[in-house]
Structures are given as C-alpha cells and as structure tokens.
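The values are calculated or read from the model by the stated rules, or taken from the named source; none is laboratory data. This structure is a prediction, so every number in the text was calculated from the model and none was measured. Every residue, glycine as well, gets a Cβ built from its backbone with ideal geometry; the counts of neighbours run over all protein chains shown. Side chains are part of the model used for accessible areas, which takes the heavy atoms of the whole protein and leaves out ligands, DNA and RNA. Shrake-Rupley method; radii C 1.70, N 1.55, O 1.52, S 1.80 Å.
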Amino acid sequence: LRRALASSTGMLVLFASAVQGWMVRGPVAAPLVQQQQQQQQLDAARAAAPAMKVSRRASENAGKVEEEKLYSPEEAVALMKELATAKFTETAELHGNLNLDPKYNDQQIRTTVALPHGTGKSVRVAVLAEGAAADEAKAAGADLVGMADLIEEIAAGNLNFEVLLATPPAMPKLAKLGKVLGPKGLMPSPKAGTVTAAPGEAVGEFKAGKIEFRTDKQGIVHVPFGKCDFEAGSLSENLAALTKTIEKNRPSGCKGKLWSTATLSSTMGPPIKLDVAALRTFAGVV
C-alpha cells in the first residue's frame, strides 16, 4: 500500500510540475529531466541540419506542372518529354496506384508486357536449360546459358543479368536459390512468362522489349515504358499497351474500380497526374 501511495504521489508531483512549470528535484524528476534533455538535443540537431537544396532546373520544371490538373495521356507524354532535361537520356515511367491489397493472393499482379517500341534499354538474359533447349537459347542471343554451372554462379551471388529464364526441368533445382533470386524479383515464374519450354522464343521477346512487372507492397506498379528521346507517338503506343496489360490482369479479388491514381514521370522529372478515365479510353479498354 505504501509503495502504491508513493508511486501515485510521484506521478501527481510530476504532472503538477509539468503543468505549473515547477522545478522538481530528486529521483522523481530524473526521468522527466532526461526526457527534456533528449528532446532539446533532437531539436538542436534538426536546427543544425542543412536544408535540402532543390536545383533550379527541378524547381522550374515543377512549376510547369499544374498540381491539381488531371492530364490526358497525350498531354502528359508531351509534357514529360519537355521536362526531361537532365544530362542523360531519362526513362519514361508509369506509376499506377491500384485498388489492391497485395497481402492477399487474389489481389496481386505479376505479369509481363511486350512494349511495341521496346524499352530503349539493352537487357542481359540468362537461361537455365540443357541440350536442344540450351542450343535454341544461345541461337536466339541469350547472354548466359547453362544449368549446374549457372546455378552455382547464382548461388554465389553473381547476378550478371536482368532476366532469368528457366525450362520446366530446371525449376526443382531452383528451390535453394529462393533467398538469392526472390528479393531481386528474378525468380522465374509461369505467370511472368519466365518459365518456358521454348526459351529461344522467350529470349527474343525479352530482348525486343518484353518486361516483367508486379505490384509492390502498397499495391503500386512502377513500370518503365521507354526512353524520353522516343517519339511521342511511340511512347503513347507503349503506354497504351501497358495500360491494356494491367487491365487484362485485373486480380479476381479487386472490388470496385482498379485504378486509384496514375502518374507519369521521367527519371528526374516531376510527377504528372493522369486522368484515369481518359487513360482507359485511350488504351481502348472502356
């Protein structure tokens, strides 16, 4: 009882000191004083931290985008190209915030899209195959082809490729590589078209601009669909193909509308909000 009363008294004293601004001395005040000192140190560190600088180019570009406007796909592509002013060739990107909760299996998207004008990027393709399938992959231009030797290279962490294809007989041997390939999004999957009995054809498709994409943990897809030095018409056709693919792969667990928001941007450019209804009409899915 005495301990309970002492504890209650201490709490009342601390509360009163905080409200009235009293200085409390002794063991009761120690935690409060320590907390105040930590907060003061944190405030001082924040004040001393340099403010993040925004380049003049980025500031000017951001000023050319109307934050509240929803742009048509044609307007957005033209504006994105205009604002891609970095010293390197920027990538055109679609960021689609979808009405999905990927923690449920029936609310995930993982698929591929064949962009009619490619990505503008050279892709290194590795193929796990043997015999005639391996010969077919090599003839199609695969960068790495093998089975046991390639599996050993991957297990050692040598991932010198952007796409990994596998023939069905190779899949049981890939189980031990899940921890290496999974976090990189490189594990072959039938849904993504990276498990195939015709590796030569698949190599040709990925080399020509076929790409894999999936929803992230927030239900957003981030997909490159070309380079900003492409003609506007080529970027528009790639964007239409990508939108059609997303619509075609609408998960069964999605209730209501699929799209929450969609934006276009170049690698270093500001986000440009898309009119989702206009995007779907533009892609011919309405």
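Less than 18 Å apart at the alpha-carbon level, and either on another chain or at least 8 residues along: which lysines does that give for Lys121?
Within reach: Lys81, Lys87, Lys207, Lys210, Lys227.
Using a 1.4 Å probe on the protein chains only, how many percent of the accessible area of the stretch 76-208 belongs to carbon and sulfur?
Ligands and nucleic acids excluded, carbon and sulfur reach 51 percent.
Can you compute the modelled spin-label distance between Ala198 and Asn105, with each label point 7 Å from Cα toward Cβ, in nm?
2.9 nm
If R₀ is 25 angstrom, what is the calculated FRET efficiency for the pair Asp149 and Lys179, using the beta carbon separation as r and rounding to 0.05?
Efficiency, rounded to the nearest 0.05: 0.80.
Roughly how big is the stretch 212-286's charge dipole about its Cα centre, with Cβ charges of +1 (Lys, Arg) and -1 (Asp, Glu), in debye to the nearest 20?
Computed about the Cα centre, the dipole is about 440 debye.
Hey, can you rank 69-82, 211-224 by average C-beta count inside 10 Å, highest first?
Most protected by this proxy first, the peptides run 69-82, 211-224.
How long is the gain from Thr89 to Lys217 if the chain were fully straight, where each residue apart is worth 0.36 nm and the alpha carbon distance is subtracted?
Stretched out fully, the Thr89 to Lys217 stretch lengthens by 43.2 nm.
Is the stretch 184-271 rounded, prolate or oblate when judged by the Cα gyration tensor, a ≥ b ≥ c being the square roots of its eigenvalues, rounded requiring a/c under 1.5 and prolate requiring a/b larger than b/c?
Oblate is the answer for the stretch 184-271, as a/c is 1.5 or above yet b/c matches or exceeds a/b.
If you count only protein heavy atoms with a 1.4 Å probe, what accessible area per residue comes out for the stretch 103-163, rounded to a whole Å²?
Heavy-atom accessible area per residue stands at 52 Å².
For the stretch 118-181, rounded, prolate or oblate, judged on the Cα gyration tensor with a ≥ b ≥ c (square roots of eigenvalues), a/c < 1.5 rounded, else prolate if a/b > b/c?
Oblate.
Take each of the peptides 58-68, 101-111, average the number of other beta-carbon atoms within 10 Å over its residues, and list them starting from the highest.
101-111, 58-68
By the gyration tensor of its Cα atoms, with a ≥ b ≥ c the square roots of the eigenvalues, what is the shape of the stretch 123-233: rounded for a/c under 1.5, prolate for a/b over b/c, or oblate?
oblate
Sorting check: for 132-143, 233-244, which peptide has the highest mean count of neighbouring beta carbons within 10 Å, and how do the rest follow?
Result, highest mean Cβ count within 10 Å first: 233-244, 132-143.
Could you calculate the contour length gain from Glu130 to Ala277, that is, 0.36 nm times the residue separation minus the distance between their Cα atoms, to one decimal place in nm?
48.2 nm
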